[in-house]
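**Q** Structure in structure tokens, see below.
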Amino acid sequence: RQRLYQNLVNRHRIIKLIRDFLSDNNFIEIETPILTKSTPEGARDYVVPSRLEAGKFYALPQSPQQYKQLLMVSGIERYFQIARCFRDEDTRGDRQPEFTQLDLEMDFPTQNDILQLIENLFKELIIKIYPDKRIKEFPFPRISYQEAMERYNSDRPDLREENDKGEKDPNELAFAFVVDFPLFEWKKEEKRWGAVHHPFTRPKLESGETISQTIERIKKDPGIPLADQYDCVLNGNEVGGGSLRISEPKLLEAIFEILGHQSEEISAKFGHLLKAFSYGVPPHGGIELGLDRIIMILQNEPSIREVIAFPKTGDGRDLMMEAPSTIDSKQLKELHLKTFNS
Ligand code: ASP
């Protein structure tokens, strides 16, 4: 149908514009593996059994987070990728088991460098592809997490204006950055601290403080420190998020400890990153933008399913292909697997 056709055409145009814009800004596009090891981004992993190593599994990336940080260590100065991400969460209108991010990372950035880049990207995108739409405020307002919670009781406030009838103008785009998030949140059920963004996020340092002093301060009361973390909000939707990263191995290890990881577990899960950092790592930071959600809003669609070719149902099924499906016993055997029905 014409409407869905137009969604796919504009999706293509948006992604092409992003590629051109970032290439012009000296970013290079690099593909990172899909078969990988779990990166903790707070969701459940999709796993793929290994045929060659019985009982071992790959995980599909929840995002290319660790890979892009390793690229920074290797000397890539500006990376981006139109990246497919996988999270085994309960699906909703604006979630799918697999979704597409614009993922980027740069070395020696300030928070302002990253936010300005994103602002300018959106400005060009709206001017060139959605000339009928209007960005409400440019540069985008920056609101602290605390202010957002106090004023709007939400960390993704909808800043659009309502007309006399209480309607929001479909062509108004109210962008904002929410900044200064807390570093940790208390996970009641698990009775432990969790990272608000992810464990690689940099705590805000106090001036003149050494890294050992920072670690001491954070350990004393993990609920207090703020993070160099920012979210991008559009019309009441979270459409992106990122942070400056920890580049000191000692600080990163301390964060893993606060998150409840034992030291053997830290080296098993994150040894590769800590080792890479020990060779010398530039300060770095980045952001992701949720492309499906952004395209949904720009196309005035109610669900990301309308802007994805072959989307899955709310319960994660592909009805046309009939996935997920069973596999035959030969395949199971090769993968060293037994299921309850096999
Ligand atoms: N990997 C993060 C995410 O998917 C984004 C980032 O911190 O750059 O939310």
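**Q** Once Rh for the chain is found with the Kirkwood sum over Cα pairs, what is the Stokes-Einstein diffusion coefficient at 10 °C and 1.306 mPa s, in µm²/s?
**A** 73
**Q** Using a 10 angstrom cutoff on alpha carbons, build the Gaussian network for the chain and name the most mobile of Pro324, Pro64, Pro225.
**A** Comparing Pro324, Pro64, Pro225 in a Gaussian network model of the chain, the most mobile one is Pro324.
**Q** Now a separate question. Work out the FRET efficiency for Arg51 and Arg317 from their Cβ-Cβ distance, taking R0 = 30 Å, and round it to the nearest 0.05.
**A** Computed FRET efficiency for Arg51 and Arg317: 0.75.
**Q** Binning at 10 Å from 0, report for segment 253-313 what percent of all alpha-carbon pair distances ends up in each bin.
**A** 18, 26, 16, 27, 14
**Q** Once you keep just the Cα pairs under 8 angstrom separated by 6 or more residues, what percentage relative contact order results for the chain?
**A** Relative CO of the chain lands at 19 percent.
**Q** Under 14 Å from the Cβ of Ile135, count the other residues' Cβ atoms, weight Lys and Arg +1, Asp and Glu -1, and hand me the total. Walk me through the intermediate numbers first.
**A** Numbers: positive: Lys123, Lys128, Lys133, Arg134, Lys136, Arg160; negative: Glu119, Glu124, Asp132, Glu137, Glu161, Asp169, Glu172.
In short, -1.
**Q** If you take every residue apart from Lys37 with its C-beta less than 11 Å away from the C-beta of Lys37, what net charge results, scoring Lys and Arg +1 and Asp and Glu -1?
**A** +1
**Q** Using a 1.4 Å probe on the protein heavy atoms, what percent of the accessible area of the chain belongs to carbon and sulfur?
**A** 49
**Q** Net charge near Glu162: determine it from the other residues with C-beta under 11 Å of the C-beta of Glu162, scoring Lys and Arg +1 and Asp and Glu -1.
**A** -3
**Q** Per residue, how much accessible area does the chain show when a 1.4 Å probe rolls over the protein heavy atoms, in square angstrom?
**A** Per-residue value: 54 Å².
**Q** May I ask you to order 326-337, 213-224, 286-297 by the average number of other C-beta atoms within 10 Å around their residues, highest value first?
**A** 286-297, 213-224, 326-337
**Q** Of the peptides 306-316, 233-243, 190-200, how do they stack up when ordered by the mean number of other Cβ atoms within 10 Å, highest first?
**A** Final packing ranking: 233-243, 190-200, 306-316.
**Q** Another question about this same structure. When we measure straight from the Cα of Lys204, which lysines land under 26 angstrom away, once same-chain ones fewer than 8 places off are left out?
**A** Once the sequence-local lysines are set aside, what remains near Lys204 is Lys68, Lys187, Lys188, Lys191, Lys219, Lys220, Lys250, Lys269, Lys275.
The values are calculated or read from the model by the stated rules, or taken from the named source; none is laboratory data. What you are looking at is a predicted structure, and each value in this text was computed from that prediction instead of being measured. Using ideal geometry, Cβ is built from the backbone for each residue, glycine included, and neighbour counts are taken over all protein chains shown. The accessibility values were calculated without ligands, DNA or RNA, using every heavy atom of the protein model including side chains. Shrake-Rupley method; radii C 1.70, N 1.55, O 1.52, S 1.80 Å.
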